[in-house]
1. For region A:47-116, what relative contact order do you get, as a whole percent, if you take Cα pairs closer than 8 Å and at least 6 residues apart?
2. What are the ³J(HN,Hα) couplings of region B:72-88, residue after residue, when phi is run through the Karplus curve with 6.51, -1.76, 1.60 and θ = phi - 60°? Round to Hz, x for glycine and proline.
3. Once the dipole of the protein assembly as shown is set up with Lys and Arg at +1 and Asp and Glu at -1 on Cβ about the Cα centre, which of B:A68, A:Q17, A:A67 lies farthest towards its positive end?
4. Pop out the ³J(HN,Hα) list for region B:61-69 in order, Karplus 6.51 cos²θ - 1.76 cosθ + 1.60 with θ = phi - 60°, rounded to Hz; leave Gly and Pro as x.
5. Could you work out how far the C-alpha centroid of region A:15-34 sits from that of region A:42-116, in angstrom?
6. Could you work out the Rg to Rh ratio of region A:14-76, with Rh taken as the Kirkwood radius (inverse of the mean 1/r over all Cα pairs)?
7. What are the residues whose amide H is under 5 Å from the amide H of B:M48, where those residues sit 5 or more places off or on another chain and H is modelled from the backbone?
8. Compute the projected area of the convex hull of the Cα atoms of the protein assembly as shown, averaged over all viewing directions, and report it in nm² to one decimal place.
Amino acid sequence: DTGVSQDPRHKITKRGQNVTFRCDPISEHNRLYWYRQTLGQGPEFLTYFQNEAQLEKSRLLSDRFSAERPKGSFSTLEIQRTEQGDSAMYLCASSLAPPGPDQPQHFGDGTRLSIL
Amino acid sequence: QKEVEQNSGPLSVPEGAIASLNCTYSDRGSQSFFWYRQYSGKSPELIMSIYSNGDKEDGRFTAQLNKASQYVSLLIRDSQPSDSATYLCAPEYTGGFKTIFGAGTRLFVKA
C-alpha cells in the first residue's frame, strides 16, 4: 500500500492559464474524490468517481473545472482559464465503495495551486 | 444552516488536560462519522470513526455519537503538544454517499 499520490505538489501559474493535476489512488480503491481546501476551511467536495464513472459533481463547481478517470485508476483534474480565486490546496482521496466506518477516505498530500 | 458545524476555535488547553471537540450535523440520515486530524500544511488523516450511538474509545481518543441530537464529539485525554492541529468532523452524507467536512476546530495544547 503506497498511499494516495498527487502530482505536482505545488503549482504556480499566471491567471488565465490552464492547469492539470494528477491523482493516483490506493490500488484496490474504486472510489476517488477531489476536494478543494482554502485557509481556515475544511475540504470542500468537488467531485467523485466510482471506477471510471463520475457519479457526482458539486453544483458550486464552475464549468472551467473538469475531471476524468479514464480507466478507473488514476484521475486528472483540469482547471481552465484559472482565476485568482482558484488558489487553494486541491486534495485527492480514495476509498472502497461506499465509505463506511471501516472504509474511510485516505488522502493524498495535495497539490497547492497559486495563481499570480 | 451549514451541513456540518464546528466551533472554529482556537481551543486552548494545558498539557495533560482533556480537550473536548464538538460537531453538529444536519443530515438525519448520516450513518457513519469520521474525525480527521490535519496539521498545518498537511492533508487530513483519519483518527476515529463511529457509527453507533454511544462512546467509542481508541487510546487517548473517545468519540461520542448521539444521532437523535445530531451531535458527535471527540475527547482527547492527556492532551499533548503534538495534538495541536485542526480537527475535522466528517459525517457520511447519505444523499450522495459522500463525506461532508466541517470547517474544523483548531486545537492548541500548551506545554
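The values are calculated or read from the model by the stated rules, or taken from the named source; none is laboratory data. All values reported here derive from a predicted model rather than from experimental measurement. Every residue, glycine as well, gets a Cβ built from its backbone with ideal geometry; the counts of neighbours run over all protein chains shown. Areas reflect the complete protein model, heavy atoms only, side chains present, ligands, DNA and RNA absent. Shrake-Rupley method; radii C 1.70, N 1.55, O 1.52, S 1.80 Å.
1. Numbers: 95 pairs, mean separation 16.3, N = 70.
Computed over region A:47-116, the figure is 23 percent.
2. Karplus-based 3J(HN,Hα) across region B:72-88 equals 9, 9, 10, 10, 10, 8, 6, 4, 10, x, 5, 7, 4, 5, 9, 10, 9 Hz.
3. Highest projection toward the positive end goes to A:Q17.
4. 9, 10, 9, 10, 10, 9, 5, 4, 8
5. If we compute the Cα centre of each part, the gap is 6 Å.
6. Values: Rg = 12.4 Å, Rh = 12.7 Å.
Rg divided by Rh gives 0.98.
7. B:W35
8. Values: hull surface 49.4 nm².
The directionally averaged projection comes out at 12.4 nm².
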